[in-house]
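Trainee: Mind looking over this structure? Questions follow.
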Amino acid sequence: MKRSCGARPLLYPHPVLIVCTYDADGNPDAMTAAWGGICSSNPPSVAVSIQKVRKTYENIQQQKAFTICIPSAGHVAAADYFGIESGRHADKIATAGLTAVRSDLVDAPYVAEFPVVLECRLTGSVEVGVHTQFIGEILDVKVDESVLGPDGVPDLTKVMPFVYDSAGRAYHAVGPEIAKAFSAGLALKK
């Protein structure tokens, strides 16, 4: 039997995404977001929901661009810090001992030490309660060569992303492969 937990945002686990932007003065900022993911395959696009009170909200509105970085598990402290400190009070990237790099495609920085970066041009936004869901077309994905597999795409076991459990308020590592997609269910197809 299932027990009601009430209306809560428990579609989880959530990806840990680092949204990077520049403010009006060109200062880099990074914010951790868990409400986000791919929203279109053609054009390749990502959506991320951000509260209006966040500096990142203001930055995206001004610059019309952002990057999404995927940190490795070794950077969990920095990722958590980016979510609990405001860019209005600190240079979060520098404080975390990381490096802001200017994107060559959009007016936004990314964190050099994070293995995967999506460079996004703002294409739309949707107001959803206390959040604005920003939609960005992915103009390029930059991946550290050290985390590429033999097929030239990111190898999950090398990227070592981690996820956020909003019910338990904790981060978790991503586990081993359990099945091949678009293949595991073929035995059930009639």
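Read-outs throughout are calculated quantities, based only on the coordinates presented, and are distinct from any laboratory measurement. Because the structure is a prediction, the values reported are computed rather than measured. Cβ placement follows ideal geometry from the backbone for every residue including glycine, while neighbour counts extend to all protein chains displayed.
Trainee: If you rank 41, 49, 86, 166 by fewest surrounding Cβ atoms within 10 Å, what's the result? Walk me through the numbers before you get to the answer.
Mentor: Details: 41 7, 49 20, 86 13, 166 16.
With the sparsest Cβ surroundings first, the list reads 41, 86, 166, 49.
Trainee: Related question: Calculate the dipole size of the chain relative to its Cα centre from +1 charges on Lys and Arg beta carbons and -1 charges on Asp and Glu beta carbons; express the result in debye to the nearest 20.
Mentor: Charge dipole, the chain, about its Cα centre: 1020 debye, nearest 20.
Trainee: Relative contact order, percent, of region 14-188 when contacts are C-alpha pairs under 8 Å separated by at least 6 residues?
Mentor: 24
Trainee: Apply the Karplus curve 6.51 cos²θ - 1.76 cosθ + 1.60, θ = phi - 60°, to the phi angles in region 103-112 and return the couplings in whole Hz, x for Gly and Pro.
Mentor: Those phi angles translate into 5, 8, 10, 9, 7, 7, x, 9, 8, 4 Hz.
Trainee: If you plug each phi of region 32-37 into the Karplus form 6.51 cos²θ - 1.76 cosθ + 1.60 with θ = phi - 60°, what whole-Hz ³J(HN,Hα) values come out, in order, with x for Gly and Pro?
Mentor: 7, 10, 10, 8, x, x
Trainee: Using a Gaussian network model of the chain whose springs link C-alpha atoms within less than 10 Å, name the residue from 177, 127, 85 with the highest mean-square fluctuation.
Mentor: Judging by the Gaussian network model, the answer is 177.
Trainee: Taking the Cα centre of region 98-183 as origin, sum charge times position over the Cβ atoms of Lys and Arg (+1) and Asp and Glu (-1), and report the length of that vector in debye to the nearest 20.
Mentor: Values: 6 positive and 13 negative charges, 48 e Å.
Result for region 98-183 is approximately 220 debye, rounded to the nearest 20.
Trainee: Can you run phi through the Karplus equation (6.51, -1.76, 1.60; θ = phi - 60°) for region 86-95 and list ³J(HN,Hα) in whole Hz, with x for Gly and Pro?
Mentor: In residue order, the calculated couplings are 8, x, 6, 10, 7, 8, 4, 5, 5, 4 Hz.
Trainee: Just check region 111-157 against the gyration tensor rule for me: Cα atoms, a ≥ b ≥ c as the square roots of the eigenvalues, rounded for a/c under 1.5, and otherwise prolate or oblate depending on whether a/b exceeds b/c.
Mentor: Details: a/c = 2.95, a/b = 2.57, b/c = 1.15.
Because a/c hits 1.5 or more and a/b exceeds b/c, region 111-157 counts as prolate.
Trainee: Can you tell which of 30, 184, 41 lies farthest toward the positive end of the dipole of the chain, using +1 and -1 charges on the Cβ of basic and acidic side chains (Lys, Arg; Asp, Glu)?
Mentor: Farthest towards the positive end: 184.
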